[in-house]
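Below: one structure, written as structure tokens.
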């Protein structure tokens, strides 16, 4: 399971990346920095993900330690090529003639990767491939890249509430999202879903960007776009999806449990974990978190060196009786019937057999347990009379002489 790294654990990530950088520079014999692509690939291999709360701080730390550069990765601003999409093409269904280039952009639509405001155009785009192809053409219209000073100027306008400046900053960086999304194709999410997740990251970058810190917006946006896409891919990898915030809670519980185990010298209780977690956490919530963290196992999973058995071969079927238990039950049934036949009258015997489901019925089937009313109806007496007969018989069967025959079964 992926581990979400909190702010106080960034030192481990920095040290990990520094070692990788030293190893890389020894091979190349020239000093180079890691790209954001390489950083996220390394973290992904280690199943590490950064919490959103400290993502900015980690980015600044990596830059100040000269682990990654301030420029965007190579090819992140390449021209959009529709052929990267693959799949079917329907040239006649795509039309940009009716699209107004100056119309306001819908941020909701940007996040969903389907910026379609024209009703005539949206009627023509009926297939996913068509929509993505149209979208790639649409963002290709905003091909001019922003210079750093232009990014700063737009950011200052955004700080003053200029919505148009926000739209321009988003539009000019949409191709960055697509080029990053292409790197994660064939990992369980469709291309359009990858773009959607990346666009959500772009919107978050726009809302959090602080030009005073000296970052280029494109570099900062790449960080948040990658963050959003890698998390989405990681969520998809689980058989049962767990929300990101819950993954963070699970990892925190695991960390607290490990620390308390070392401190107490024993496994902590759920109450101790809840108290240490704080924030009104309860022992029941800890138990719930444990259940969420259990990964399902396929019953067809191969077991053994030669893979000649499956996991299902070793799972006990609670609904089935084992051969040993079946044999013991049959022997006990015979002893019980012998006792009933020896010490009880016919009517008493039938009442007990029906009441406790002993022996077989007139059809040769296993007798089921009957209610007092059912037995009373069969013998045409009241349920109270049947209860009296039952009590009388049970008192008689408690005699030591009768119980001795059942001693071996009771002891077993």
Rounded to two decimals, the Rg over Rh value of region 245-292 from Cα coordinates and the Kirkwood Rh reads 0.94
Percent of all alpha-carbon pairs of region 205-315 at distances over 23 Å, whole number, is 58 percent
Ranked output for segments 389-397, 61-69 by mean other Cβ atoms within 10 Å, highest leading, reads 61-69, 389-397
Computed curve, region 325-411, Cα-only Debye sum without solvent term, log₁₀ I(q)/I(0) at 0.11, 0.13, 0.18, 0.26 Å⁻¹, is -0.32, -0.44, -0.83, -1.39
Sorted on mean Cβ neighbours within 10 Å (highest first), peptides 364-371, 381-388 come out as 381-388, 364-371
By Cβ neighbour count within 10 Å, fewest first, 235, 308 rank 308, 235
Ranked output for segments 161-170, 36-45 by mean other Cβ atoms within 10 Å, highest leading, reads 36-45, 161-170
Once normalised by the length of region 325-411, the mean sequence separation of its alpha carbon contacts under 8 Å that are 6 or more apart gives a contact order in percent of 24 percent
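Computed from the coordinates by the stated procedures, all read-outs in this text should not be read as laboratory data. The structure presented is a predicted model; accordingly, all values stated were derived computationally and were not measured. Backbone-built Cβ (ideal geometry, glycine too); neighbour counts: all protein chains shown.
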